[in-house]
Structure formats: C-alpha cells, structure tokens
Amino acid sequence: MITSKVIAHRGASRLAPENTLAAFRKARDAGASWIEVDVALSADGQAVIFHDEKLNRCSNGHGWLLNHTLAELQRLDAGSWFAAEFHNEQIPTLEALLLWAAEQSINLNLEIKPVIGREAETVDALVIALQAAQARHNHIASQLLLSSFNPLALTHVRAALPTIPRALLTEAIPADAVLRLQQLDCEGLHFCAELVDQAAILALNNSGFSVRAYTVNNTAAADALIAMGVNAIFSDIPDLAITSAHIISD
C-alpha cells in the first residue's frame, strides 16, 4: 500500500532523462520514497524500463522497442536526448532496478505497458525479473505496486502475483470505476489530474479504494487534489511536491 502522498513520475523526470537510473537517483535524493516506472518487453523476452512503444523519443534508437533484443537496447544512448551530461545513460532492466530499489529502500509502482496481444509475455518477463531479484533480496515484493491501463495485463499479473497490490490506470474516472476495481481486484485507481471529478473521488474513497492523480507539477494543484480526497499525486518534480505546505511525504 502506498502511504506517501508523492510518487516520482518515471523518476525525477524534469531533472534527468525519464525511466533511467539517473532520474531514479535524483528522485531518491529529493526525498521520494516511491517511484513510478514503466515496464516493457524486449524482443528476447526481457523486462526493461521504458515508456514508449517506439525508441525514437527517449533514445538514439529507432523503431519499435519490441523488435530489439536486450543487448541491442542496452547499446543505445537513453540520456543525450535530455541533456549532454546524461550521454550513454542506459535503458535499465527491471531486475537491475529492483535490486537498486531494494538496496536504497525505495518502493516502486511498476506500470505494465504491454503491446496489445503480448500481455501474458510481458507479465511473464516481469515475474522472471522479480524472481531473480528476490533471490538476493527476498523482501522486494513488499515494496511494489503493480498498475496498468490494460485490464488483461492486470488479470494476468493477479494470477501470477496475487499478493502484490494492483491499481487500474484510466484517463477520466469512469462512471463504473468501483465495479471495475472490484472485478479486477484492484486496490486503487490512477487517473489524469486534468480530468478531476470530486464526486467520483468521494465515491471511490467511500468504497475503500485508493485514488491517485497523474501528472502534477505544481504545489497548488497538488494541495487541491489532496484536499479533494486524492491519496497521492505523481510528479515529475517530486522535490517541489514533497516540500508543499500541505503535502507530507512518508
């Protein structure tokens, strides 16, 4: 269960290239106890940390991530697009990130981002990475929340890792949000802060579900959302959100 009110979105992604160890270290240094990352699948079945289906925006690679092996992905420069000082920052593997997080006592929200039709394979790769990391740090599972926009991915991961809590990602809060969360056995819902609906937040709160909003990069908006009953916000600038007058991070 997330107890912090601030979750670093893809790390401190205004300060370093998103979903890289540089961004995760800056989030840690800012005081974040929770970091949200994106889990994708390589061509050879490895779980890697990357947001987009295509490599072009956040690396010097081109084309579909799913068409590249882990070795090919790790030869890419995933930092120079952001700033020259991050030249040759790598695309991390999930296993490496899990080990780092365990050593740093950092909690992770793993957003599962499968290509449609590859949900089961993506979840399988996540499970394999988690098992490998658990062989060295057996408490890692207790530091995780799993989430996805993809209900099938949530169904697969519930079967594979039933004891790790899950959250459903949406844009607007759907009218049947409570029913969806019950059907998927999720503990919470993550929604776009720009599509806030105070009545829907209250209904979710009253039904015992956590509600978290993305992506919030100013303290006034964060304060307003927390006042409405939002349990946590995702921020690209976690240090600013954490020092808000009304937001106290664990």
Pairs please, first residue from region 211-229 and under 16 Å from residue 188 (Cα atoms), second anywhere and at pLDDT below 90 and of a type in the set (Gly, Ala, Ser), Cβ atoms under 7 Å, 6+ apart in sequence or on different chains. none
Which count do you get for residues in region 192-216 that are open to solvent by less than 20 Å² (accessible area, probe 1.4 Å) and of a type in the set (Ser, Thr, Tyr)? 1
Does residue 219 fit the bill of being more than 30 Å from residue 102 (Cβ to Cβ) and surrounded by 17 or more Cβ atoms within 10 Å (Cβ to Cβ)? yes
Matching entry among 108, 168, 145 (being touching a Pro at 6+ places or on another chain (Cβ under 9 Å), in contact (Cβ under 8 Å) with a residue 60 or more places away in the chain and among the aliphatic types (A, V, I, L, M)): 145
State which residue is most open to solvent (accessible area, probe 1.4 Å) when the search covers only region 230-242 and only residues that are touching a residue at least 24 places away in the same chain (Cβ under 8 Å) and farther than 16 Å from residue 192 by Cβ. 239
Could you check region 75-93 and list, in sequence order, the residues that are surrounded by fewer than 17 Cβ atoms within 10 Å (Cβ to Cβ) and either in a helix (DSSP H, G or I) or within 20 Å of the chain's Cα centre (by Cα) (or both)? 84, 85
Residues of region 43-68 being over 25 Å from residue 83 (Cα atoms), without any contact (Cβ under 8 Å) to a residue 40 or more places away in the chain and in contact with a helix residue (DSSP H, G or I) (Cβ under 8 Å, 6 or more places away or on another chain), which ones? 43, 44
Before we move on, is residue 96 within 25 Å of residue 194 (Cα to Cα), open to solvent by 10 Å² or more (accessible area, probe 1.4 Å) and either in contact with a Phe, Trp or Tyr (Cβ under 7 Å, 6 or more places away or on another chain) or in a helix (DSSP H, G or I) (or both)? no
For a quick check of your reading of the model, give me the residue pairs whose first member lies in region 154-165 and is closer than 16 Å to residue 120 by Cβ, whose second is open to solvent by less than 70 Å² (accessible area, probe 1.4 Å) and among the β-branched types (Val, Ile, Thr), with beta-carbon atoms closer than 6 Å and at least 6 apart or on different chains. 156/123; 157/123; 160/123; 160/127
Quick one: residue 71 ticks every box in (1) in a helix (DSSP H, G or I); (2) crowded, with 23+ Cβ neighbours inside 10 Å except a single one, so which number is it? (2)
Restricting region 18-33 to residues that are in contact with a strand residue (DSSP E or B) (Cβ under 7 Å, 6 or more places away or on another chain), open to solvent by less than 10 Å² (accessible area, probe 1.4 Å) and not in a helix (DSSP H, G or I), the residue that is farthest from residue 52 (Cα to Cα): 32
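The values are calculated or read from the model by the stated rules, or taken from the named source; none is laboratory data. Everything quoted here is computed from the prediction, not taken from an experiment. Reconstructed Cβ throughout: ideal geometry from the backbone, glycine too, with neighbour counts over all protein chains shown. To get the accessible areas, we keep the full protein, side chains included, count just its heavy atoms, and leave off ligands, DNA and RNA. Shrake-Rupley method; radii C 1.70, N 1.55, O 1.52, S 1.80 Å.
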